[in-house]
Structures are given as structure tokens and as C-alpha cells.
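Q: The structure follows.
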Amino acid sequence: MWSFYLKEWLPRDMVPCFAEHGWQTLELGEEHAHDLLKEGSPSRVGAAFRRYAADFNVSFPQAHFIMNTRGYRPEDLPGKREFDLAPADDAEFDAVMDVMKRWLDLFNALGVRCGVLHAGGAGLSAGVGWDAARIFERRVKALERIAEYAKGGETLICLENYSSRSDVGVETAADMIGIIRAVNSEQVKICLDTGHANVAGVDPAAFIREAGPLLKALHIADNLGQHDNHMLPYGAGTVPWPDVLKALRAIGYDGLFNFEVPGESQNCPLPERLVKLDYAKTLARCMIDEIYAAACRVNPENGVPLKTKD
């Protein structure tokens, strides 16, 4: 579960709450990473928070890299803007690389296996008129620098597909694979966001099959196909979940399974939000069982109930 689900809570408050509701593995949200980085040395703070979480049997195998230049607390809001991994200005580009090093140090100290990252370059087309080839080169240059710094560490860089008119060239599995091949580093893999794919009109099951062994992380979320609503699966959304689970099973997916569903927490009082958190854990287990066809009470191919001894 993405820790953004409890975004109002500081890191050391949200951990025991998730643990109380049976969530031992979480994706550290950007907002909570910003909170931690305020405390000082990323390596020292990351190691200390890892020990703190371990006392509750909680770990963070997945985390989201920076998306905004500042955090989510009231003191962070003035001057906050969207973070761009691949800006046009060379001095700003170098500064961005220094920021990414701090985040990588934090993630490695936390034991993060998959760090989810947007490829950047959103303002290069409309903002400064760069063509697709030049934007591609800028993204590759940024990722080469980051991958080189990440080499030898625990954290993989997992590029996330996106869906925006300003983020061209990062929607499909082919887009992701093209960038990864150009970077040519074992540190760079793929995170599929099912919600982004649905908004972009990309078939998530086909994405999974094309990504194959490069797929190491998931943002599991549903929406109505127009906006990134971040809803739980099997509700009013339009993501074809049986096809998604079948595709994950077909490629032998052994990466991380993560709900990114902060939409479920919007306008929702805390008691009801925690009930949803309990339901989400049961739903995640059911979906994971279908991926691995283990302990299923129904045939994952046709939904027909299976006979069980109990």
C-alpha cells in the first residue's frame, strides 16, 4: 500500500497504524520521503527509520521518487512546484542530479528495492519547443547519470508510464523499453501504473506482456478512463482486471504488488478509511492469489468455484 493513503500523518505515526491493520510492506510515498529528508543526512535518517519501522515488522520494498520540489506540510507549500527530472537548463539539470543522489541515498538506507520514477521532460515540448528526439536524449542523459550513481546499491530505478499531453513518449511499454535500451544499465527497469495506462488508452495486459522481465513494480489503481481517480480495483472503474492478472501470471511476474489508491481516502473520515484499509488487504491477497493461482477458491480462467476440502 502506498503510504500516501495516510498522507496527513507524519512517517512515525503512519507506520504503527498500517502495522495495526496488517500491512507489513509499504511503498514510501513522496510526501513521507520529504518529511524524512528534512531530518538531515539521507543515509543516517534512512537507516534510523528502517530500524524504527522494523520494530513494527514494517518495511519499504518500494518507494516513489520526488515528484514535487517540496513536501506536503503547511510550511512546505510556499514555492512548491512540480519536479522535472530532465530540465532544459544545464545548471538546473546538474542541481536535479544532486537532488536525486540524496533520494537514492535515502532509499538505499531504507532497503528500497524499487524506486518509482517519472522520466521528466514534461516542459521541453510546449515550454521550449524541443522535438521528440531531443527530449528523448535529455531523458536518457538524466537516467544515465542516475543509474551510474545507483550502481551497486539495492535500489532499482523503475520508470513509470504516464498519461499526459505534456509527457509525450512515456505512455507505452515500447516507450519505456526504448529509453531503457538507450540507457543500457541493469539498474533501470519498469513500473506499470494501471491507472495511467487506462487514461492513456493503453491496454495494461498488453503492456505487461511486452514489458516481460523488465517489469519489477506495480501501481495498482483503477479509474473511469478520463482522470487518474486512484480507486481500488473491481469497483466502478474500467481497468480490465481479469486480463491484467492473467498477463501477470503469463509472464511469471515476481515483482512487487502495490496499491496506489489515495482516491479512496479523499473525503473519507478516518474510521471509514481504516475499514477500507482492512478491505484493501483482503482484496490484495485475493488478487495475488489469482496471479500465482495459489489458494484460489475460483478458477482464475473462468471464475468457476473450485472444490475445496474445507
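Q: Does segment 5-24 include one or more residues that are crowded, with 18+ Cβ neighbours inside 10 Å, aliphatic (A, V, I, L, M) and closer than 21 Å to Asp98 by Cβ?
A: Within segment 5-24, none of the residues are crowded, with 18+ Cβ neighbours inside 10 Å, aliphatic (A, V, I, L, M) and closer than 21 Å to Asp98 by Cβ.
Q: Output the number of the condition that Ser163 fails; it satisfies all remaining conditions of (1) surrounded by fewer than 21 Cβ atoms within 10 Å (Cβ to Cβ); (2) more than 24 Å from Pro204 (Cβ to Cβ); (3) among the hydroxyl-bearing types (Ser, Thr, Tyr); (4) touching a helix residue (DSSP H, G or I) at 6+ places or on another chain (Cβ under 6 Å).
A: It fails just one condition, (2).
Q: Separate question: From (1) buried (at least 19 other Cβ atoms within 10 Å of the Cβ); (2) touching a helix residue (DSSP H, G or I) at 6+ places or on another chain (Cβ under 7 Å); (3) modelled with pLDDT of 95 or more, pick out the condition that doesn't hold for Glu290.
A: Of everything listed in (1) buried (at least 19 other Cβ atoms within 10 Å of the Cβ); (2) touching a helix residue (DSSP H, G or I) at 6+ places or on another chain (Cβ under 7 Å); (3) modelled with pLDDT of 95 or more, Glu290 misses just condition (3).
Q: Can you give me the number of residues within segment 80-100 that are touching a strand residue (DSSP E or B) at 6+ places or on another chain (Cβ under 9 Å), closer than 13 Å to Arg139 by Cα and in a helix (DSSP H, G or I)? Quick ask: steps written out before the conclusion?
A: Of segment 80-100, the ones touching a strand residue (DSSP E or B) at 6+ places or on another chain (Cβ under 9 Å) are 80-83, 85, 100.
Keeping just the survivors that are closer than 13 Å to Arg139 by Cα gives 85.
So of that shortlist, the ones also in a helix (DSSP H, G or I) come out as none.
The total comes to 0.
Q: May I pose another question? Test Ala63 against the criterion of being in contact with a Cys (Cβ under 9 Å, 6 or more places away or on another chain) and not polar (S, T, N, Q), and give yes or no.
A: Values: in contact with a Cys (Cβ under 9 Å, 6 or more places away or on another chain): yes; not polar (S, T, N, Q): yes.
Spelling it out, Ala63 is indeed in contact with a Cys (Cβ under 9 Å, 6 or more places away or on another chain) and not polar (S, T, N, Q).
Q: Here is a follow-up. Is it true that some residue in segment 123-146 is in a loop (DSSP other than H, G, I, E, B), at pLDDT 95 or above and surrounded by 22 or more Cβ atoms within 10 Å (Cβ to Cβ)? Steps first, answer last, please.
A: Quick first cut of segment 123-146, residues in a loop (DSSP other than H, G, I, E, B) only: 123-131.
Now narrow it down to the ones that are at pLDDT 95 or above: none.
The answer is no; no qualifying residue exists.
Q: Can you tell me which residue is farthest from Lys216 (Cα to Cα) among those in segment 38-74 that are without any contact (Cβ under 8 Å) to a residue 40 or more places away in the chain and among the basic types (Lys, Arg)?
A: Selected residue: Arg73.
Q: Which of the residues belonging to segment 186-211 are surrounded by 18 or more Cβ atoms within 10 Å (Cβ to Cβ), in contact with a Leu (Cβ under 9 Å, 6 or more places away or on another chain) and outside any helix (DSSP H, G or I)?
A: Gln187, Val188, Lys189, Ile190, Cys191, Leu192, Asp193 - these are the residues of segment 186-211 that are surrounded by 18 or more Cβ atoms within 10 Å (Cβ to Cβ), in contact with a Leu (Cβ under 9 Å, 6 or more places away or on another chain) and outside any helix (DSSP H, G or I).
Q: Let me ask something else. Here's a check for you: in segment 3-17, which residue that is assigned to a helix (DSSP H, G or I) and touching a residue at least 60 places away in the same chain (Cβ under 8 Å) is nearest to Val112 (Cα to Cα)? Spell out the reasoning first.
A: Here is the first cut: in segment 3-17, the residues assigned to a helix (DSSP H, G or I) are 3-6, 11-17.
Keeping just the survivors that are touching a residue at least 60 places away in the same chain (Cβ under 8 Å) gives 4-6, 17.
Details: Phe4: 16, Tyr5: 19, Leu6: 19, Cys17: 20 Å.
By that ranking, first place goes to Phe4.
Q: Please work out which residue is nearest to the chain's Cα centre (by Cα), limiting yourself to segment 18-59 and to residues that are over 20 Å from Leu232 (Cβ atoms) and assigned to a loop (DSSP other than H, G, I, E, B).
A: Val58
Q: For segment 218-241, how many residues are over 16 Å from Pro262 (Cβ atoms), surrounded by fewer than 17 Cβ atoms within 10 Å (Cβ to Cβ) and touching a residue at least 24 places away in the same chain (Cβ under 8 Å)?
A: Residues flagged as over 16 Å from Pro262 (Cβ atoms), surrounded by fewer than 17 Cβ atoms within 10 Å (Cβ to Cβ) and touching a residue at least 24 places away in the same chain (Cβ under 8 Å) within segment 218-241 amount to 5.
The values are calculated or read from the model by the stated rules, or taken from the named source; none is laboratory data. Just so we're clear, the structure is a prediction, and the values are computed from it rather than from any experiment. Neighbour counts are summed over all protein chains in view; Cβ atoms, including those assigned to glycine, are modelled from backbone coordinates with ideal geometry.
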